[in-house]
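> The structure follows.
Taken together, the values in this text are just the output of simple stated rules run on the coordinates, not laboratory data. Not measured: the values here are computed from a predicted model. Heads up, the Cβs are rebuilt from the backbone with ideal geometry, glycines too, and the neighbour counts pull from every protein chain shown.
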Amino acid sequence: MSLALADTATTAAHRDDPHYVAPGFFDLHVCHWPERPLFFMALFSTMQFADVATVEIFDANNKTLGALDLKQFEITKTKQGQDKRVFISYFDVAPGAPDGWYSAKISMRDGAVFSARDLVQVQRMALPTGFLPADQAQLDAIPCELHWNAIPGARYYQVTLRDAWADGKSIFKSKLLTEPRVALPQGLLRRGGSYTWRVHARDVNEDKDLGDFNLGTMGPVISFTIAP
């Protein structure tokens, strides 16, 4: 399937979803992370990345938030194995930032212009707490699960686990979880190992108006070691 046909099929499948336009998908999240004040994470994912000239972001009052930095992106693959870039930029949430429909103006190098929209409700989701194992825990046995406290308003969680002895390499990323716990694959952890883990929470998943999610929060990096 060519890029043009793939884009046409994607747009047709999401005909009534305002996040999708012919070149790709726009979304904006309200993020609460422990290391910085509340911020917007804006993203645009596209297979037509070489043809994108600018992506400008506007709030619900049509006030400019800024433009995506097209030099900052993550590379992913479609189900058909085609390259896709996800352009991501962060913007401060100003006092009194409005709720409503935020938008992206996507300008292409051939002069075509597209407008995508995302419904945004500006709130602050609480940070994750109550981690088990706790931070800097020294364990005698290999844990089978990781736990944390439920977060008000969070319906989904995702956990990333890293090996501290392997330069922080990610060794496990969970699917979206509906409970504040995750079972670890047998044989993943080893005695004498040192690991870190982090919890991400979101309010919704793939909502027609709110996008992939509206509110997100990230826990601190939690470390633990396992006795030899």
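> Would you work out which of C144, A94, S170 lies farthest towards the positive end of the dipole of the stretch 80-185, given +1 charges on the beta-carbon of Lys and Arg and -1 on that of Asp and Glu, about the Cα centre?
Farthest along the dipole direction, towards plus: A94.
> Please check: in the Gaussian network model of the chain (C-alpha springs, under 10 Å), which one of K173, K77, K105 has the largest mean-square fluctuation.
Result: K77 has the largest fluctuation of those listed.
> For the residue pair S223 and A183, what label-to-label distance in nm results when each label sits 7 Å from Cα along the Cα-to-beta-carbon direction?
Distance between the two pseudo-spin positions: 3.1 nm.
> Summing Lys, Arg as +1 and Asp, Glu as -1, what charge do residues with Cβ under 12 Å from the Cβ of P180 carry, P180 excluded?
0
> Hey, any idea what Rg/Rh is for the stretch 137-226, computing Rh the Kirkwood way over Cα pairs?
1.02
> Continuing with this model, one more query. Per residue of the stretch 119-127, in order, report the coupling 6.51 cos²θ - 1.76 cosθ + 1.60 (Karplus, θ = phi - 60°) as ³J(HN,Hα) in whole Hz, putting x for Gly and Pro.
For the stretch 119-127, the Karplus-derived couplings read 7, 10, 10, 7, 9, 10, 7, 5, 6 Hz, x marking Gly and Pro.
> Compute the length gained on full extension between L70 and Y90: take 0.36 nm times their separation in residues and subtract their Cα-Cα distance, giving the result in nm to one decimal.
Answer, rounded to one decimal: 6.0 nm.
> Ignoring solvent entirely, what values of log10 I(q)/I(0) come out of the Debye formula for the stretch 97-179 at 0.14, 0.18, 0.20 Å⁻¹ when each Cα is a single scatterer?
-0.77, -0.95, -1.04
> Also, quick follow-up: As a check on your grasp of the helix formula, calculate [θ] at 222 nm for the chain: sum -39500 (n - 2.57) over DSSP H runs of n ≥ 4, divide by the residue count, round to the nearest 500.
-1500 deg cm²/dmol
> Further question: How far apart, in nanometres, would the label points at W101 and R15 be if each is projected 7 angstrom from Cα along the Cα-to-Cβ direction?
So the label points at W101 and R15 sit 1.9 nm apart.
> So, in nm, how far is label Q80 from label D209 when the simple model puts each one 7 Å beyond its Cα toward the Cβ?
Reported label-point gap for Q80 and D209 is 3.3 nm.
> When the Karplus curve 6.51 cos²θ - 1.76 cosθ + 1.60 is applied with θ = phi - 60°, which whole-Hz ³J(HN,Hα) does each residue of the stretch 57-62 get, with x for Gly and Pro?
Result, ordered by residue: 10, 10, 7, 5, 9, 6 Hz.
> Considering every pair of different Cα atoms, what Kirkwood radius, in Å, is found for the chain?
Averaging 1/r across every pair of different Cα atoms and inverting gives 19.3 Å.
> Taking 28 Å as the cut-off for C-alpha to C-alpha distance, list the pairs among K63/K175; K175/K208; K84/K105 that go past it.
K63/K175
> Something else about it: Based on Cβ point charges of +1 for Lys and Arg and -1 for Asp and Glu, what charge dipole magnitude is obtained for the chain about its Cα centre, in debye rounded to the nearest 20?
500 debye
> Can I ask one more? Using the Karplus curve 6.51 cos²θ - 1.76 cosθ + 1.60 with θ = phi - 60°, work out ³J(HN,Hα) for each residue of the stretch 31-48 in order, rounded to whole Hz, and write x for Gly and Pro.
Values, residue by residue: 10, 10, 10, x, 8, 7, x, 3, 8, 8, 10, 9, 9, 9, 10, 7, 8, 8 Hz.
> Quick check: the angle from helix 3-13's long axis to the longest principal axis of the chain, C-alpha only, nearest 10 degrees?
80 degrees
> Have a look at the stretch 3-120 and give its Rg and Dmax from the Cα atoms, expressed in angstrom.
14.3, 43
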